Amino acid sequence: MVTSRRGFIRHTKQREVILSVLRGTDTHPDADWVYQEVRKVLPNISLGTIYRNLRILVDSGEAMELAFGSSSSRFDGDAENHYHFICEQCDNVYDIPLPLDHGLENEAEEVSGHQVASHRLEFYGVCKTCSNASDSPR
Ligand code: ZN
Ligand code: MN
């Protein structure tokens, strides 16, 4: 059917734009930021469509969702497991380019008896930008 085919193409195009916006930044944005950026290319897109497509990208393994406590989810166009640092002052999320510690998974398995398949690790503290700002003379 022509209409559903056209609809399918349109949805795929939206998802492509969303994914390219996500892959074009290393700031781990929330859905609102993605919405503002995608609107520059697709002015008629709705926030609901952004949320729905982000969900599809996360479920299909093309993007990663980072949920930190009560604040809104952040999204990462790099879906390979990697470590993050969260600044407790500005809430920015940074990549930490450390190799994954698979030894930790073995240890967790040994002490618990569970089959450990993966792990996630987040570091918290004050980022370089924030600590430089508070060090600078005023
Ligand atoms: Zn900071
Ligand atoms: Mn990341």
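The values are calculated or read from the model by the stated rules, or taken from the named source; none is laboratory data. The model shown is predicted, which means the values in this text are computed figures rather than measured ones. Methodologically, a virtual Cβ is constructed for each residue, glycine included, from the backbone with ideal geometry; neighbour enumeration extends over all protein chains shown. Side chains included, ligands, DNA and RNA excluded: accessible areas come from the protein's heavy atoms. Shrake-Rupley method; radii C 1.70, N 1.55, O 1.52, S 1.80 Å.
Things worth noting here:
- Extreme residue, positive dipole direction of region 81-138, given options 99, 134, 89 (C-beta unit charges): 134
- In terms of overall dimensions, the C-alpha atoms belonging to the chain reach 56, 55, 25 Å along their principal axes, ordered largest to smallest.
- Full-stretch length increase - residue 65, residue 78 - with 0.36 nm per residue and alpha-carbon distance subtracted: 3.7 nm
- Computed [θ] at 222 nm, helices only, for the chain once each DSSP H run of length n ≥ 4 contributes -39500 (n - 2.57): -14500 deg cm²/dmol
- Surface per residue (accessible, 1.4 Å probe) for the chain, Å²: 68 Å²
- Ratio of the Cα radius of gyration of region 81-138 to 2.2 N^0.38 Å, where N counts its residues: 1.56
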